[in-house]
Every structure is written in structure tokens, then in C-alpha cells.
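For reference, the structure discussed in these notes is given below.
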Amino acid sequence: MTSQDSALPEAVAARLPQERRVVTDIPGPNSRALQERRKAAVPPGVGSVLPVQVTDADGGVVVDADGNSFIDFGSGIAVTNVGNANPRVVERVKAQVERFTHTCFMVAPYEGYIAVCENLNRITPGDHEKRSMLVSSGAEAVENAVKIARYATGRQAVVVLDHGYHGRTLLTMTLTAKNMPYKHGFGPYAPEVYRMPLAYPYRWPSGPENCGPEAAAQVIDQITKQIGPENLAAVLAEPIQGEGGFIEPAPGFLPALAEFCRTSGALFIADEIQTGFARTGDLFACEHEGIVPDLITTAKGIAGGLPLAAVTGRAEIMDAVHGGGLGGTYGGNPLACEAALAVLEEIERYDLARRARRIGDIMLPRLRALAERFPAIGDVRGRGAMIAIELVRPGTKEPDPELTAEIARRCHARGLLALTAGTYGNVLRFLPPLVIPEHLLNEGLDVIEEAFAA
């Protein structure tokens, strides 16, 4: 470990060299050959960001079939927070796979499921009594949260926010704001879902200083006029929007909506699927403004890459549903549960929330300095290790998705895995593993700067 990496948790004993290495064109010949096999076997509707085929990953790097080593600024979309193939995760999963791989918790339960739920009840915001249930994906978690909210309140209407993303199933597509590629051609959609304005500071007409209170007042007014508070089951919101472009709602906006839910008898659901498990510098992003949600959905970073998701909520709400009304064959698979227990151990043992804040302290000043040099960078935003830049045509706020795609392509060619996002396709988002060595973090920022300069 070098002095550059002094803030890196000792949990990381890197198996692969933590270096950027580009030895072929991107993609190289082996990746191109595998791409031809893919075309014959996988439909084009399943897209990919990086035009290579991965063979290994560890710590802060992803290695492809041609031996190129990419700096990982994606973490599998905020999944491998504790690093890919984290040794503690591998150890617990190996031990479990030798015992049993599946019984279905609804048929023959086991301790791992219970232990994950106990931990979620302990660490999620609020000191009230809680219950948790486990499923396999973020979309399943959101669907179940809405089911539970409707059942517990006896109401039907669900409010979501502009630019929000909640999944690809019928209900979660309905909840999602963006048409292409998530919704286009897949309707009709589910009823009793209402979309309201988001407090989007960069694009708020009267300026960011007025954004929070004005947007909250608009949402509450529209709910009152269009739905009726007595018909509202829940408001569902991401504390920081993910696919929408890492939009951090203006201060006070989400607390005002949570308070409105409380006074009207509705539930506030925090979708922490992308923001959870130390990603934003807090264990959960809603803690930043002291929000205590009635229900919280988690996935992605929960189990180090194994499919697992959860709904956690107030005991009286979760207990309201009749026996057999919740569940699923693979929900809380024993291998995924062991992985989740390992992830939680790593996050707490090495204080990865602090590590995420350190990553933000490095990235944000450098990206803001870059914005001073390149007027195409309209906004730099984010918290912890969830950072984004929004690209516009200089002198305007008109989105520039073409430049965004080109910068991402140049980053890939130089050995940096970077993702795009945003309703307008004009956001570069950065989600490095929380255990990335600092020399790789700074080198990745160098690559971004080179891409803009080029």
C-alpha cells in the first residue's frame, strides 16, 4: 500500500494489479469474437455500455478478454460497493454453497434470511420497530413496497417524481419517468400513478435558492387538487435520483413531502436501491436530511453482486398484509443472504461511509475545476461516491447527449469505465467502488480531463 492509498481500508487485499492497462484497441480481437457470439445468442434489446467482454474484476479494476485493465467508475451500477469478488463475500458464499443452495424460504426457512432482515431492521433510518422482507431485484422491492402501502392504507394513488427511475416491470415502468429506452412501446401502463415536479436545482426556473420550497408547494398543491390526500397511499422518491441523472433534490423538498405524508395518513417510501449501503457518504441517503421513511427499498449494493433486494418498514405497516401475501421463490436466496451479511460486515468494520465521503472530497473539487475550463460542463453534483456532471451546449442549458456519448467513448478507449445517465442522456455519472485505491481514483479523473481536452 502506497502513501497515496493511506485512506484505503485494510479490507482490500487486491488479487489483481490495481492499474489501468490498455494493450489493444477497445474492443480487442477476443472481445470482438465474443461479441459475434453474443449477436447470435442475445437480443439487441439487452444493451451494454462497455464494448468488451469481462473476464476478471477486483478492487478498482475490470479486466477484459484481451488483457485490458479498466479503472472501474461504475461498480456494476452501484452494486460492488465493497469491491468485486470481495474476499469476505467469497468466503461466506463458498461456505454456504457447500451446505445448500436453495430451499425457498416460504417452504423451509433458514437463519441467513432472518439475519439479513435483523440487520436491515437495525441499520435503516429510525429507531421504531421494523420488519423486512427479501426479494431478488430492485423492481421487485419497489413493487412490493407499493403493494404493502396500498394494503396498509386502504388507498390506491401513488405519487412519483419527474426524472425518477424505479425499474422495468409493468408497475415500475409506470413509476419511471423516462420513455426511451425504458417505456417506449411497452404500454399500456398501470393505473393510479401520478407524476409530480422534482426540485431539480440546476433547472429550476426561479433558481436553486427557491427550488426546494417552491417545488414542495407545487407537489402538495397538485396532490390536493388532482388526487385528494385521503386517496393517497404513498409518495415514492429516490433521495438522489439515479438513472434520472444523479439529481439531488433541493434542500427541504423531500422532508416537506415526508411531513405531508405523515399528516395526510399516506406513507413515504424511500427508494434507496442505488443510493444505499454507504454509497453517498451516509449508510442511507435519506439520513442526510434526517428523513425517516415509512418504507425503504434496497438492492444493488446489498449483496456484493448477488441478486438480493429488500423492503424494510414500520412493523405495523409490514405486519398488515395477510399471510402468504408476500414472497417469491428466489427471494432471500441463501447464497445472496450470506453475501449480504458479508457486505454489511465490511461496510461497518471499515467505515465505508467515511470512505465514500473521502472519494467525494477528491472528485468534486477536481470536477468543479474542470467545469471552470470547459463551459460544456453545466453542473457538477453529487454526494460521497455518487458524482455526476451534466453536459450542455456552451452558453445555454440545452442538453448535449452527443458530447456526453463521445466523452464516455473516449474514456472507454483510454481504459476508464464511465457511465451515462439522465432524462436527456447528457449526464456522465461516476460510481467507483468504495474500496478503490486513491491512485486509481485520481488517474480516472486524469482520463476524464484528457477526454475533454481531446
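Just so it is clear, none of the values below were taken in a lab; they were calculated from the coordinates. Everything numeric here is computed off the predicted structure, so don't read it as measured data. Using ideal geometry, Cβ is built from the backbone for each residue, glycine included, and neighbour counts are taken over all protein chains shown.
Show which aspartates and glutamates lie in cross-link reach of K397 when reach means a straight Cα distance below 15 angstrom and same-chain residues fewer than eight apart are skipped.
Leaving aside aspartates and glutamates fewer than 8 places away in the same chain, those within reach of K397 are D379.
Testing the spin-label approximation: label points 7 Å from Cα along Cα→Cβ at V90 and Q218. State their distance in nm.
5.0 nm
For G378, which sequence-distant residues (separation of 5 or more, or a different chain) have an amide H within less than 5 Å of its own amide H, given hydrogens modelled in the peptide plane?
Amide H neighbours of G378, under 5 Å, 5+ apart: E390, L391, V392.
Using 1/(1 + (r/R0)^6) with R0 = 30 angstrom and r between the beta carbons of A108 and A315, what's the FRET efficiency to the nearest 0.05?
0.75
Please go through the residue pairs K225/K300; K130/K300; K39/K94 and name each one whose alpha carbons sit more than 31 Å apart in this structure. Before the final figure, lay out the partial values.
Details: K225/K300 36 Å; K130/K300 21 Å; K39/K94 33 Å.
With Cα atoms farther than 31 Å apart: K225/K300; K39/K94.
Using the crude model of +1 on Lys and Arg Cβ and -1 on Asp and Glu Cβ, and no other charge, please compute the dipole size for the chain relative to its Cα centre, in debye to 20.
Numbers: 43 positive and 54 negative charges, 162 e Å.
Value, rounded to 20: 780 debye.
How much length is gained if the chain between H322 and T55 is pulled fully straight, taking 0.36 nm per residue apart and subtracting their Cα-Cα distance, in nm to one decimal?
Length gained, H322 through T55: 91.6 nm.
Report the one residue of A454, A256, A320 whose Cα lies farthest in the direction of the positive end of the charge dipole of the chain (charges on C-beta: Lys and Arg +1, Asp and Glu -1; origin at the Cα centre).
So the residue we want is A454.
Only bridges whose two residues both fall in the chain count here: according to DSSP, what percent of them are antiparallel, nearest 5? Mind showing how you got there, number by number?
Working: 33 of 49 bridges.
In the chain, DSSP labels about 65 percent of beta bridges as antiparallel.
Quote the convex hull volume per residue of the range 100-349, based on C-alpha atoms, as a whole number of Å³.
Convex hull volume per residue, Cα atoms: 127 Å³.
Hey, can you rank 328-339, 258-269 by average C-beta count inside 10 Å, highest first? Can you show the working numbers first?
Working: 328-339: 22.0, 258-269: 20.0.
Packing order, densest peptide first, comes out as 328-339, 258-269.
Counting other Cβ atoms within 10 Å, keep those with at most 13, restrict to DSSP loop, and tell me which trypsin sites (Lys or Arg not before Pro) in the range 387-428 are left.
Of the trypsin sites (Lys or Arg not before Pro), the ones in loops of the range 387-428 whose Cβ has at most 13 other Cβ atoms within 10 Å are K397.
Report the extension gain between R15 and R354 in nm, rounded to one decimal, defined as 0.36 nm multiplied by the number of residues separating them, less their alpha carbon distance.
Numbers: separation 339, 0.36 × 339 = 122.04 nm, distance 2.37 nm.
Stretched out fully, the R15 to R354 stretch lengthens by 119.7 nm.
Among 341-348, 36-43, how do they line up from the highest to the lowest mean number of other beta-carbon atoms within 10 Å?
Sorting 341-348, 36-43 by mean packing, highest first, produces 341-348, 36-43.
Can you give me the convex hull volume of the Cα atoms of the range 106-188, divided per residue and expressed in Å³? Before the final figure, lay out the partial values.
On the way: hull volume 12.4 nm³, N = 83.
So the per-residue hull volume is 150 Å³.
Taking the highest mean first, how do the peptides 214-226, 275-287 order by number of other beta carbon atoms within 10 angstrom per residue?
So the order, starting with the most tightly packed, is 275-287, 214-226.
Which chymotrypsin sites (Phe, Trp or Tyr not before Pro) in the range 80-149 pass both tests, a DSSP loop state and at most 14 other beta-carbon atoms within 10 Å?
Details: sites: F100, F105, Y110, Y113; in loops: F100, F105, Y110.
In loop regions of the range 80-149 (DSSP not H, G, I, E or B), the sparsely surrounded chymotrypsin sites (Phe, Trp or Tyr not before Pro) are F100.
Can you give the net charge of the other residues whose Cβ lies under 15 Å from the Cβ of Y194, counting K and R as +1 and D and E as -1?
0
Starting from the eigenvalues of the Cα gyration tensor, five times each then square-rooted, give me the equivalent ellipsoid semi-axes of the chain, largest first, whole Å.
On the way: eigenvalues 220, 160, 85 Å².
Value: 33, 28, 21 Å, ordered largest first.
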